[in-house]
Structures are given as structure tokens and as C-alpha cells.
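Peer 1: Let me give you the structure first, and then I'll get to my questions.
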Amino acid sequence: MQKKDLGLAVLIIVVGFVVYLRNPLFLSPINLANTANLIGLFGLFAIGQGFVIMTGGIDLSVGSMIALLGVLFVELIGKYGVPWPLAMLIVIAAGTVMGLAHGLLITKLKMQPFVVTLCGLLIYRGVARGYTGEATAGFPFGATFPEVEWLTIGRSFGVPHSFIAMLLVGVICWVILHRSVFGRHLYAVGKNEDAARYSGIRTDAVVIAAYVICAVLTSIAAIYFAMFTRSVQPSSHGNFYELYAIAAAVLGGFSLRGGEGSIVGVMLGALLLQELQNLVNLLGIPSSLNFAVMGAVILAGVLADQQFTRYRERQRARAMELRGQDGRSAAG
Amino acid sequence: MTSAQDLPAPLLVLDSICKTYPGVVALRDVTITVMPGEVLALIGENGAGKSTLMKILGGVIAPSSGRIIIDGLAHDRLSVAQSQGAGIAFVHQELNVFDNLDVAANIFLGRELRSGPFGLVDVRAMRAAAQPLLDRVGARFGPATSVAELSLAERQLLEIAKALSLDARVVIMDEPSSSLTLKETQVLMKVIADLKAQGIAVIYISHRLGEVEHCADRVVVLRDGQVAGGLTRAEISHDAMIRLMIGRDLKALYTPPARPLGPVILELEGVRNSTNPNAAASLSVRAGEIVGVAGLVGAGRTELAEAVFGITRLRGGSVKLDGAPLDISSPRSTIAAGVYLVPEDRKRTGLVLESAICENISMADLGSVSSRGLVSEARLHARAEAQRTRLGIKTADVDRKAAELSGGNQQKVVLGKWLSMRPRMIIFDEPTRGIDVGAKAEIYRLMRELADAGVGVMMISSDMEEVIGVSDRIVVLREGEVAGALDRADFSEHNVLKLAVGAH
């Protein structure tokens with residue numbers, strides 16, 4: 001665990017403790033389980049966003065993808081009776097195609113990530129609304145899908161499976177980002193794409209892979225969300241979720257310039273965001289202030305982190321300067 | 001020093017300026033005096049500290065110690081505004097003009113003339129005010145011309161005009177002639193003489209000693225961050241300047257190959273790149289020799305190297321390695337064949353500065369420090385430690401960021417990356433730019449070792465002393481073509497330049 005992550009964890013515990021003092025319901029099993037479920041849902045695609053931000057890019061289409069793929073999943077198993085494993089595969093394949101399209105447009109046609117995924121945001125949302133004719137996509141009355149429901153909204157020992165899914169994905173992504181050759185290449189591309197290319201790294205492939213990973217994790221999240229809400233309102237489902245993902249990554253120590261961040265960080269970021277939501281609810285703050293609280297905390301967090309980094313760098317520069325002078329006087 | 005009372009007061013004194021960066025001393029006790037209306041040439045090898053000194057003068061960076069005295073007033077450091085206010089103006093190496101504005105708008109950028117109740121920009125007034133400034137520098141273009149249409153030389157005149165508009169008393173020109181044609185340079189010389197006649201001091205930074213000899217009243221030579229010496233008008237000569245700049249005879253550095261030359265390793269035939277698409281270059285590198293590639297800026301040397309390395313596409317011609325066609329479709333494929341490039345700009349393309357030293361060393365070959373796609377930290381470190389020992393990379397810890405190293409040590413990290421693999425052919429592009437003398441000698445020694453071990457070595461360099469001091473053979477490029485090759489017996493600065501400049 002990096003120092004940054006540790007700081008974030010401390011912040012989460014402190015906030016949690018304060019909320020608990022004001023309202024002991026915070027630590028009640030039911031509140032914890034509900035919050036954990038939300039952390040799992042949002043954490044899943046926030047991790048994906050982390051990979052994209054690592055390249056210095058951004059994926060704004062996440063929320064719309066969750067709506068469109070949610071509609072697709074609900075329709076496939078509810079209306080067309082497609083077996084659920086096949087439906088999941090189709091949804092993930094569709095997500096993969098979207099991620100691939102983003103990556104190819106960005107690397108091969110040199111379009112800006114912001115523009116490409118902004119268009120994705122508009123297109124996917126529009127397609128979802130057009131396909132359903134603005135009607136809510138839902139399961140037929142009384143329909144149940146025990147296996148899928150167990151996988152997505154089920155619980156083991158009180159722990160929601162969405163949370164467990166996020167932990168599993170987190171572990172796998174941690175190995176990929178922090179231990180694999182691909183992860184090293186991703187960091188290198190994010191920090192200095194030119195130098196990475198001059199070292200023989202296939203930078204385009206690395207960037208495309210990041211967008212595909214983001215899209216795949218988003219499609220998994222889309223399935224979880226669809227099962228959680230059980231019906232998908234195509235004009236509002238998933239609205240602004242891309243911003244939650246970006247916020248989680250930034251809180252978790254990612255730099256939008258790329259090349260910085262960790263999986264533990266983005267997961268903690270997603271956790272803190274849900275904790276703040278919960279804080280608003282439990283402390284009786286009007287829920288309309290929800291976004292304002294979130295914005296203020298992110299601003300303060302990033303500012304504090306930056307100041308701390310600058311302070312540390314100054315310290316180090318001073319230490320090195322001192323050492324340099326010692327070296328000279330010893331030599332002279 | 002100017003201590004006598006009867007001399008005019010100096011305009012500007014840099015007094016005992018020191019500048020240290022983490023791990024490097026960029027300037028040490030540099031004292032320079034500038035008199036009104038004199039042309040002071042500041043020369044020195046790359047990395048001697050000229051640019052750092054000028055940045056201090058411009059208020060961009062603060063000195064670690066020392067004083068800057070302007071008109072008798074001492075400052076510990078200057079701000080950009082103070083520097084401008086004192087009449088210090090820059091004509092930059094990378095021109096600071098804006099393509100999308102016209103000439104007058106560039107001159108008055110940030111100080112636009114305004115008129116009317118809303119304070120809108122008064123284009124007409126600016127153009128009228130710009131004209132006399134352009135006349136003073138002898139510009140042949142008008143104030144309404146779009147800068148996008150100006151040649152490099154014209155842009156330089158524009159910058160000088162801008163300096164004049166700021167009531168400049170000292171104009172600092174940093175390598176003003178490096179991209180100019182001979183004729184344009186002559187115009188520049190005339191402008192400098194005019195400035196001088198108007199009582200404006202010029203600090204002229206250049207590698208072109210001929211020009212310095214022609215225009216300077218006084219020369220100050222920097223070497224390794226210190227003033228190596230000064231020359232008065234009467235003392236200025238090519239040899240005197242070179243002696244002060246290098247402080248030693250680089251030819252003495254030359255070590256001949258240990259073995260007779262082997263077979264041809266790299267062979268370029270009729271290679272054409274996009275910069276000079278109509279010119280074709282052919283050259284070859286044999287085992288055991290160091291081939292120096294010389295030429296002026298814009299001769300297409302870096303472009304050639306990058307095309308061979310797979311960064312840019314070749315427009316034609318063939319590249320062979322050990323007699324077989326080399327796949328140059330991407331750096332990945334050339335690296336796989338054992339052809340490596342030590343690029344010109346190590347901070348941008350050579351290293352990932354924000355990554356650790358050990359990460360950089362294994363960056364091109366992570367596969368061999370990992371198993372089943374997972375990187376082994378132990379092997380990553382062992383590999384970095386091996387290169388650190390072999391190359392003498394001075395760092396406390398290979399987990400430190402490459403950005404924290406000095407230039408020479410950074411270059412060693414780039415070398416370590418390639419040496420830890422299986423080199424067959426290494427192209428060095430300006431391998432010692434901005435590197436201290438000690439590290440330079442080590443890099444030369446290393447190149448010789450590689451050549452003796454049978455690795456092909458090609459060295460692109462703009463540093464004449466280096467090309468002559470290190471190479472076994474020199475190939476001179478001119479506008480994308482091979483202008484000629486010299487064997488060791490024919491090496492001289494004169495011969496290289498003659499080929500590089502051509503029959504102008």
C-alpha cells in the first residue's frame with residue numbers, strides 16, 4: 001500500500017468515526033451491507049476508469065454504456081429468454097466492441113479521448129432511449145432469475161456479492177497493473193509515451209487495451225446495476241456515473257495527466273464517495289446537497305495531497321543540496 | 001575587472017553567480033560584466049552553463065547565490081518583470097513567436113495598444129508603431145504580415161524588433177544563427193552592428209566561432225559551469241577560443257580499434273526520409289569501427305537515425321543488418337533484431353523521467369525479468385544493479401526517479417537499458433549533449449569497448465571536437481545526402497565543415 005492510499009484510508013476511518021458518533025446507525029449491519037453494495041457497484045467501473053486515466057485519457061461514456069448495456073441485458077433475459085450466461089457474454093462482448101472502438105479512434109485516428117468518449121456518451125444514451133422508445137426496460141411481472149440474482153444481488157454471510165465481485169476484480173486488476181509486464185508498460189506509456197515507443201513498447205496496443213479493460217469492467221457493472229434496479233429507465237439510468245468514476249480515481253491518487261495511481265487508491269476513492277453519500281443521508285443533510293459535499297471533499301483532498309507532495313519534494317531537494325555541498329567540501 | 005574610475009559604468013554585472021540543482025552544480029562563481037554598446041560573445045560547449053546563466057538573467061530561475069547588479073543596483077534574484085524592466089530582452093533559440101498572429105500583434109503581445117471606450121485593441125495604432133521598429137532591424141516585411149508566412153530568419157528579426165519595442169538595453173541572442181542560411185546570417189551580423197551603433201549591448205551565444213570572431217568585442221568562455229577565461233577583441237582567435245572551451249586536446253582521447261575491422265554490420269542503401277524526400281543516403285558501418293556522422297542542423301542526421309530505428313517511415317532505399325534486410329516497421333522490430341538507438345533528446349525520448357532508474361533500465365526488455373507475464377522485482381533490481389556497477393551510475397538507490405540524476409548519469413541509464421540486452425548495432429545521437437566532461441570520457445570509452453567487441457557503432461554529433469576525437473571514419477551529411485566521407489588521416493574541422501556546408 002502506498003503512502004497516498006494510507007492517507008485516504010485514514011480519512012475514510014476518521015469520517016466514518018465522526019458519522020458514527022453523530023448517528024450510530026452508520027455501523028448497523030443493514031447500513032453497512034447497503035453501502036458495501038453501492039461501493040461494489042461503483043467500484044467495479046471506477047477501477048476500469050483508472051486504467052484509462054493511467055494512459056492520460058478519459059472515458060466519459062461509462063454512464064451511457066451502463067444504460068445501454070443494462071437495457072440490452074434486461075431485454076435479452078427478460079424478453080427474449082436468452083440463457084443468462086450467454087446474455088452476459090453478449091453484453092460483455094458488446095462492451096468490448098465499444099472499448100475497442102474508443103481505443104482505435106484515439107490511437108489510430110489520433111482523436112482526443114475527451115471527444116471520442118463524449119460522442120460515445122451521447123450515442124449510447126441516444127440508442128438506449130431510441131431502442132426502448134423512452135419506455136422503461138424491465139422484467140415481466142413475477143419473473144425471477146435465481147442464479148443471476150444470487151450472483152449479483154445475493155449475499156454471503158451478509159456481504160453483498162457486488163462487493164465481493166469488486167474485491168475479486170480489484171485483486172486481478174492489482175496484479176495486472178502493479179505486477180505484470182503490461183502494467184509496467186501502461187505506467188510507462190502514461191508517463192512518457194514517446195520514450196515508451198523508443199523502448200519498443202507497442203504504445204497503441206497498450207492504450208487500446210486500457211479502453212477495452214475499462215469497457216469490459218463497465219459492462220460487468222452494467223449487469224450488476226440492471227439486476228440491482230431490476231428495471232432500466234433509459235433516460236436516467238447511469239446518469240453522471242462517469243463522473244463518479246473519474247472522481248474516485250482522482251481521489252485515489254490518479255493524475256489526469258496519466259502515469260500515476262493505484263488500484264487500492266481507486267477502490268478507496270469509490271469507498272469514500274459512497275461513505276459521503278451515506279453521511280449526507282444519515283446526518284439529515286438535505287440530499288440535494290449531495291453533489292456539493294462530494295465536490296468540496298474532492299477539492300480539499302486533491303489540494304491537500306498536492307501541497308503535501310510539494311512539501312516533500314522541497315524537503316528532498318534541500319536534502320540533496322546539503323549532500324552535494326558535503327561532497328564538495330570533502331573533496332576539496 | 002573594471003575597477004578604474006575613468007571607464008564607463010557597467011550596464012550589468014553578474015557577480016559570483018552559483019546555481020546548484022539536486023546532484024549537479026550548473027554554475028560556480030560566474031562573474032561577467034556587460035558594458036553599454038558592446039557585443040559580448042558567450043561561448044562554451046553544450047552544457048557549459050550558458051543557458052542556465054541566461055535564464056537567471058531573464059528572471060526565469062533564481063541563482064543559489066551571487067548577485068545581479070544592474071545600473072549599480074544589486075539584486076539577489078530577478079523576476080521576469082524586473083528583468084524586462086531593466087531592458088534585458090531575449091531572442092530565443094526556440095523562437096517565441098505566435099504563428100497565428102500578425103507581426104504587429106506579436107511585437108505588442110501582452111502590451112496591446114488600446115483605444116475607444118471599451119479599451120479594444122487598436123490594430124491600426126499597433127501597426128503604425130511597429131513600422132519604425134521593423135525599419136530599425138532592416139526588416140523587409142510589414143507589420144500586417146502574418147507570422148506564419150515568415151521564414152526563420154525573418155522571425156528572428158521580428159523578435160529583435162520586439163526587444164527594441166521594450167526599450168532593450170541588452171539583447172541576448174541564444175544561438176541565433178543555428179538555423180539560418182549563410183546569407184541570412186550576414187543580415188544578422190549587420191543588425192548586430194546596428195544595435196551596437198545605437199548603444200545597445202548584445203550578448204551573443206553561439207557555437208559558430210567564425211561569427212563570434214566577426215562580431216564580438218569580447219569573448220567570455222564558460223566551461224563546466226565556470227568562467228574558463230575571457231578574450232579581448234585583439235585576442236579573439238579561433239584557436240584561442242577552442243583552447244579555452246575544451247581546455248584539453250580531445251584528439252588525445254582517440255583510441256584506435258583493438259582489432260582489424262570486421263564485416264559490414266549495418267548497410268544503408270539509397271535511404272530517403274520524409275524531411276529530404278528527394279535526397280538518398282548510402283552508408284555502412286563495419287564491425288570494430290566507430291562511424292561519426294556530421295552535418296549542419298537540418299542535414300537530416302536525426303531523421304536518418306529515427307527512420308532506421310523504425311520511428312518514422314522510410315520513403316525509399318533499403319536497410320540491411322549483417323547482410324539481411326532489416327525489418328524497420330517499428331522500434332519493436334528493430335530492437336528485436338538488436339539495433340538500438342540512444343536518442344538525441346534523452347529527457348523526452350530516452351527515458352521515462354518520472355519512473356525509477358531500475359524501471360528504465362528494463363523498459364525495453366521486461367520480458368526477460370519476468371515469468372508468465374509477471375515482473376520479478378528481484379530480477380529487475382539485479383539487472384539495474386549490474387548496469388549501475390558496470391557504468392558507474394551515481395545514485396544512492398536504483399529505485400530513485402531518473403529525473404533526479406544528472407545529465408551524464410541519465411545518459412548512462414539509457415545506455416544501461418541497451419547494454420543489458422543483446423546489442424548488434426547501436427546508433428548514438430548526440431550522446432554527450434549536456435553532459436559533464438568526466439561522463440563524456442566514459443561514454444567515449446564505452447563506445448570504443450562496444451566497437452572492439454564487434455558491435456556496430458554509429459555516432460551522430462554536432463560537436464566537432466567529439467566527431468574528430470572519437471570517430472574512426474566520418475560521414476558528412478548535407479541536406480539528406482552523403483556529402484562525403486573522411487578517413488582518419490583527413491580529419492580536420494576544416495574538411496568536415498567544407499563537406500557539411502558544400503559549395504556555397
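All of the numbers you see were taken from the coordinates with simple rules; none came from a lab. Small disclaimer: the values here were computed from a predicted structure and weren't measured. As a convention, Cβ positions derive from the backbone with ideal geometry for all residues, glycine included, and neighbour counts pool all protein chains shown.
Peer 1: On the first, second and third principal axes, largest extent first, how far apart are the outermost C-alpha atoms of the stretch B:299-361 in Å?
Peer 2: 38, 27, 15
Peer 1: Looking only at chymotrypsin sites (Phe, Trp or Tyr not before Pro) in DSSP loops with at most 13 other Cβ atoms within 10 Å, what is the longest site-free stretch of chain B?
Peer 2: Here the longest run is B:119-504.
Peer 1: Now, a different point. Roughly how crowded by other chains is peptide B:354-361, in terms of the mean Cβ count from those chains within 10 Å of each of its Cβ atoms?
Peer 2: 3
Peer 1: For chain B, with only Lys/Arg (+1) and Asp/Glu (-1) charged at the beta-carbon, what is the dipole magnitude about the Cα centre, in debye rounded to 20?
Peer 2: It comes to approximately 720 debye.
Peer 1: OK, next. Using 5 Å bins from zero, what percent of all Cα-Cα pairs in the stretch B:66-220 falls into each bin?
Peer 2: Final binned percentages: 2, 9, 17, 20, 20, 15, 10, 6, 2, 1, 0.
Peer 1: Continuing with this model, one more query. How many percent of the alpha carbon pairs in the stretch A:65-168 exceed a separation of 18 Å?
Peer 2: Everything past 18 Å amounts to 60 percent.
Peer 1: Continuing with this model, one more query. I'd like the orientation of helix A:241-251 relative to chain A: the angle between its Cα long axis and the longest Cα principal axis, in ° from 0 to 90, rounded to 10.
Peer 2: Helix A:241-251 sits roughly 20 degrees off the main axis of chain A.
Peer 1: Can you give the alpha-carbon Rg of the protein assembly as shown over 2.2 N^0.38 Å, where N counts its residues?
Peer 2: Compared with the compact-globule rule of thumb, the protein assembly as shown sits at 1.12.
Peer 1: Based on the Kirkwood radius over alpha-carbon pairs, what value in µm²/s does the Stokes-Einstein equation return for the translational diffusion coefficient of the stretch B:113-165 at 4 °C and 1.567 mPa s?
Peer 2: Answer from the Stokes-Einstein relation: 110 µm²/s.
Peer 1: Grab the alpha carbons of the stretch B:12-158, take their convex hull, and tell me the volume per residue in Å³.
Peer 2: Taking only Cα atoms, the stretch B:12-158 has a hull volume of 158 Å³ per residue.
Peer 1: Turning to a different aspect of this structure: If one takes the longest principal axis of the Cα atoms in chain B, at what angle in degrees, from 0 to 90 and to the nearest 10, does the Cα axis of helix B:407-419 lie?
Peer 2: Taking Cα atoms only, the helix is inclined about 20 degrees.
Peer 1: Rounding to the nearest 10 and keeping the result within 0 to 90°, find how far the Cα-based axis of helix B:182-197 lies from the longest principal axis of chain B.
Peer 2: Value to nearest ten degrees: 40.
Peer 1: Of the beta bridges DSSP finds with both residues in the protein assembly as shown, what % are antiparallel, to the nearest 5?
Peer 2: 60 percent
Peer 1: Within the set of other residues whose C-beta is less than 11 Å from the C-beta of A:Gly269, count the net charge using Lys and Arg as +1 and Asp and Glu as -1.
Peer 2: Spelling it out: positives minus negatives among the neighbours equals -1.
Peer 1: Express in whole angstrom the spacing between the alpha-carbon centres of the stretch B:63-93 and the stretch B:330-383.
Peer 2: 43 Å
Peer 1: Further question on the same structure: Under 8 Å for C-alpha pairs, at least 6 residues apart: give me the relative contact order for chain A, rounded to a whole percent.
Peer 2: Result for chain A is 33 percent.
Peer 1: Same structure again: Arrange A:Thr203, A:Thr96, A:Thr144 by Cβ neighbour counts within 10 Å, fewest through most, would you?
Peer 2: So the ranking, lowest neighbour count to highest, is A:Thr144, A:Thr96, A:Thr203.
Peer 1: For chain B, give the share of DSSP beta bridges that are antiparallel, in percent and rounded to the nearest 5; count only bridges with both residues there.
Peer 2: Roughly 60 percent of the beta bridges in chain B run antiparallel, per DSSP.
Peer 1: Sorted from fewest to most neighbouring beta carbons within 10 Å, what does the list B:Cys215, B:Cys358, A:Cys119 look like?
Peer 2: So the residues, fewest neighbours to most, are A:Cys119, B:Cys215, B:Cys358.
Peer 1: Over the stretch A:180-332, how many percent of alpha carbon pairs lie in each 10 Å bin up to the one with the longest distance?
Peer 2: Using 10 Å bins, I get a P(r) of 9, 25, 28, 21, 10, 4, 2, 0 for the stretch A:180-332.
Peer 1: Sticking with this structure for a sec: Can you work out the base-10 log of I(q)/I(0) for the stretch A:46-87 at q = 0.17, 0.22, 0.32 1/Å, using the Debye formula on its C-alpha atoms alone?
Peer 2: -0.59, -0.72, -0.98
Peer 1: What is the magnitude of the charge dipole of the protein assembly as shown about its Cα centre, with +1 placed on the Cβ of each Lys and Arg, -1 on the Cβ of each Asp and Glu, and no other charges, expressed in debye to the nearest 20?
Peer 2: With Lys and Arg at +1 and Asp and Glu at -1, about 1280 debye.
Peer 1: Just to check, using Stokes-Einstein with a Kirkwood Rh over alpha carbon pairs, what's the diffusion coefficient of the stretch B:14-89 at 10 °C and 1.306 mPa s in µm²/s?
Peer 2: Estimated diffusion coefficient is 124 µm²/s.
Peer 1: Can you give the FRET efficiency for B:Ala382 and A:Leu6, using 1/(1 + (r/R0)^6), R0 = 30 Å, r = Cβ-Cβ distance, to the nearest 0.05?
Peer 2: Calculated transfer efficiency: 0.55.
Peer 1: Using the scaling law 2.2 N^0.38 Å as the reference, what is the normalised Cα Rg of the stretch B:167-316?
Peer 2: Taking the Cα Rg and dividing by 2.2 N^0.38 Å, one obtains 1.41.
Peer 1: Where Rh denotes the Kirkwood radius from the mean inverse Cα pair distance, what is Rg over Rh for the stretch B:263-302?
Peer 2: 1.01
Peer 1: Past the 30 angstrom mark, what percentage of all C-alpha to C-alpha distances in chain B do you count?
Peer 2: 54 percent
Peer 1: So what are chain A's ellipsoid semi-axes, whole angstrom, largest first, if each one is the square root of 5 times an eigenvalue of the alpha-carbon gyration tensor?
Peer 2: Calculated on Cα positions only, the semi-axes equal 37, 27, 17 Å.
Peer 1: Only sites in a loop by DSSP and with at most 12 other Cβ atoms within 10 Å count here; which GluC sites (Glu not before Pro) in the stretch B:415-493 make the cut?
Peer 2: Here no GluC sites (Glu not before Pro) fit, given the DSSP loop and packing criteria.
Peer 1: Still on this structure, please answer the following. Can you give the relative contact order of the stretch B:1-144 as a percent, counting alpha carbon pairs under 8 Å and 6+ residues apart?
Peer 2: Over the stretch B:1-144, the number comes to 17 percent.
Peer 1: If you don't mind, there's one more thing I want to ask. For the protein assembly as shown, what does -39500 (n - 2.57) per DSSP helix run (n ≥ 4), summed and divided by total residues, give at 222 nm, in deg cm²/dmol to the nearest 500?
Peer 2: -16000 deg cm²/dmol
Peer 1: Can you work out D for the stretch A:206-280 in µm² s⁻¹ from Stokes-Einstein, where Rh is the Kirkwood radius over C-alpha pairs, the temperature is 4 °C and the viscosity is 1.567 mPa s?
Peer 2: Translational D for this selection: 94 µm²/s.
Peer 1: What fraction, in whole percent, of alpha-carbon pairs in the stretch B:385-447 exceed 19 Å separation?
Peer 2: Counting every Cα pair in the stretch B:385-447, those more than 19 Å apart make up 26 percent.
Peer 1: How long are the semi-axes of the ellipsoid equivalent to the stretch B:48-95, from square roots of 5 times the Cα gyration tensor eigenvalues, in whole Å, largest first?
Peer 2: Semi-axes from the Cα gyration tensor: 17, 14, 8 Å.
Peer 1: Taking the stretch B:351-460 as the region of interest, what is the percent of Cα-Cα pairs per 5 angstrom bin, listed from the shortest bin to the one with the maximum distance?
Peer 2: In whole percents, the pair-distance histogram is 2, 13, 23, 24, 20, 12, 5, 1, 0.
Peer 1: Right, next: What is the Cα radius of gyration of the stretch A:134-246 over 2.2 N^0.38 Å, N being its residue count?
Peer 2: 1.39
Peer 1: Shifting gears a bit: In the structure shown, do any of B:Lys347/B:Lys412; B:Lys417/B:Lys440; A:Lys3/B:Lys401; B:Lys19/B:Lys162 have a Cα-Cα gap over 20 Å, and if so which?
Peer 2: With Cα atoms farther than 20 Å apart: B:Lys19/B:Lys162.
Peer 1: Moving on. Give me, ordered by chain and number, the residues 5 or more places off B:Ile290 or on other chains with an amide H under 5 Å from its own placed amide H.
Peer 2: Amide H to amide H, under 5 Å and 5 or more residues apart or across chains, B:Ile290 pairs with B:Asp472, B:Arg473.
Peer 1: Let me ask something else about it. Using only C-alpha positions, report the orientation-averaged shadow area of the convex hull of the stretch B:251-400, nm², one decimal.
Peer 2: 11.8 nm²
Peer 1: Quick one: A:His161, B:His75, fewest Cβ neighbours within 10 Å first, how do they rank?
Peer 2: The most exposed by this proxy come first: B:His75, A:His161.
Peer 1: Could you point to the residue in A:Met267, A:Gly99, B:Pro63 farthest towards the positive end of the protein assembly as shown's charge dipole, with +1 and -1 charges on the Cβ of Lys/Arg and Asp/Glu respectively?
Peer 2: Farthest towards the positive pole: A:Met267.
Peer 1: OK, next. Measuring from the lowest to the highest alpha carbon on each principal axis, how far does the stretch B:403-479 reach, largest first, in angstroms?
Peer 2: So the three principal-axis extents are 37, 27, 23 Å.
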